[in-house]
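See structure below.
The values are calculated or read from the model by the stated rules, or taken from the named source; none is laboratory data. As the structure is a computational prediction, the values presented were derived from the model and not from experiment. No Cβ is skipped: glycine too gets one built from the backbone with ideal geometry, and neighbour counts run over all protein chains shown. The protein model used for the area step is the full one, side chains on, heavy atoms only, and it has no ligands, DNA or RNA in it. Shrake-Rupley method; radii C 1.70, N 1.55, O 1.52, S 1.80 Å.
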Amino acid sequence: MIVVIAGPGGVGKDTISEALCAEDDRFVLSRSWTTRAPRAGEGPNAYTFVDRETFEGRIADKGFLEWAEYHGNLYGTPSPDPDDPRHLVLNIEIQGARQVLDHFSDDSFMILLEPPSETVLTQRLRSRGDDEQAVERRVAAAYAELSEGRTIADAVVINDDLTQAIGQVRRILEGRLSGGTPAL
Ligand code: 5GP
């Protein structure tokens with residue numbers, strides 16, 4: 001199964017999916033490629049950082065499961081190892097989520113993460129070092145992304161309390177894997 005964890009930047013996708021994959025070895029987190037420059041304080045493993053030419057070369061080679069342009073930078077999920085039996089977890093924005101759900105409709109599942117409020121989202125974006133202009137641009141885009149996301153998501157989780165949100169994501173996925181109704 002491909003697990004899509006989607007939602008606007010700053011909503012907590014990375015923290016939640018890293019926790020999920022660290023605690024449960026049935027899941028593996030995909031490492032995306034991006035043409036964005038690394039942020040101050042961002043680890044070298046956050047992404048595979050490449051220039052636009054290298055990224056476009058991989059598009060031409062059909063080396064991405066999905067890719068999208070977001071606020072002027074390219075982001076993409078490299079095609080996974082077909083022999084890896086684990087469920088692949090993607091932290092991606094809504095355009096990419098839509099591509100995955102369209103192409104793998106029987107084998108994908110999307111959880112939309114929402115911030116509890118605009119104030120909290122703004123604080124989270126500021127605290128990770130985005131400059132003020134980027135924060136304003138991203139907050140402005142976030143609500144359009146969320147309303148589009150709600151139309152395609154299989155489940156929605158509000159990331160107010162991190163521990164609770166991780167628990168909810170885990171229970172939803174457990175429900176999906178066992179073929180039952182997710183217990184929220
Ligand atoms: P950021 O620049 O904040 O790291 O990421 C910007 C947005 O791109 C976030 O919503 C993030 O989840 C999304 N993103 C990260 N990797 C990918 C990817 O491989 N594909 C797509 N479509 N979006 C991605």
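Consider Gln123 carefully, then state whether it is modelled with pLDDT under 95, out of contact with any Pro (no Cβ under 7 Å at 6 or more places or on another chain), open to solvent by 30 Å² or more (accessible area, probe 1.4 Å) and assigned to a helix (DSSP H, G or I).
yes
Only residues in the range 91-108 that are acidic (Asp, Glu) count as the first member; pair them with residues that are assigned to a helix (DSSP H, G or I), Cβ under 7 angstrom, at least 6 apart or cross-chain, and list the lot.
From the range 91-108, the pairs are Glu93/Glu145.
Considering only residues of the range 105-117 that are under 14 Å from Ile2 (Cα atoms) and open to solvent by 40 Å² or more (accessible area, probe 1.4 Å), which is farthest from the ligand (Cβ to nearest atom)?
Out of the qualifying residues, it is Asp106.
Might you check whether a residue that is farther than 25 Å from Arg39 by Cβ and either touching a helix residue (DSSP H, G or I) at 6+ places or on another chain (Cβ under 7 Å) or of a type in the set (Ser, Thr, Tyr) (or both) occurs anywhere in the range 75-98?
Yes, that holds for at least one residue.
Looking at the range 126-150, which of its residues are aliphatic (A, V, I, L, M) and surrounded by 13 or more Cβ atoms within 10 Å (Cβ to Cβ)?
Going through the range 126-150, the residues aliphatic (A, V, I, L, M) turn out to be 134-135, 139-142, 144, 146.
Within the range 126-150, Ala134, Val135, Val139, Ala141, Ala142, Leu146 qualify.
Examine the range 165-177 for a residue that is among the small types (Gly, Ala, Ser) and touching a residue at least 60 places away in the same chain (Cβ under 8 Å), and state whether such a residue exists.
Quick first cut of the range 165-177, residues among the small types (Gly, Ala, Ser) only: 165, 167, 175.
When the remaining residues are screened for being touching a residue at least 60 places away in the same chain (Cβ under 8 Å), the result is 165.
Yes, that holds for at least one residue.
Are any residues in the range 58-74 on the phi > 0 side of the Ramachandran plot and either of a type in the set (Gly, Ala, Ser) or in contact with a helix residue (DSSP H, G or I) (Cβ under 9 Å, 6 or more places away or on another chain) (or both), and if so, which ones?
So in the range 58-74, the residues on the phi > 0 side of the Ramachandran plot come out as 62, 71-72.
Those that are on the phi > 0 side of the Ramachandran plot and either of a type in the set (Gly, Ala, Ser) or in contact with a helix residue (DSSP H, G or I) (Cβ under 9 Å, 6 or more places away or on another chain) (or both): His71, Gly72.
Mind checking which residues of the range 23-76 are hydroxyl-bearing (Ser, Thr, Tyr) and modelled with pLDDT of 95 or more? So that I can check it myself, show each step before the final result.
The first filter runs over the range 23-76 and keeps only residues hydroxyl-bearing (Ser, Thr, Tyr), leaving 30, 32, 34-35, 47-48, 54, 70, 75.
Residues satisfying the conditions are Ser30, Ser32, Thr34, Thr35, Tyr47, Thr48, Thr54, Tyr75.
Name the single residue, out of those in the range 1-53 being touching a Gly at 6+ places or on another chain (Cβ under 9 Å) and closer than 20 Å to Val156 by Cβ, that is most open to solvent (accessible area, probe 1.4 Å).
Among residues in the range 1-53 that are touching a Gly at 6+ places or on another chain (Cβ under 9 Å) and closer than 20 Å to Val156 by Cβ, the one most open to solvent (accessible area, probe 1.4 Å) is Lys13.
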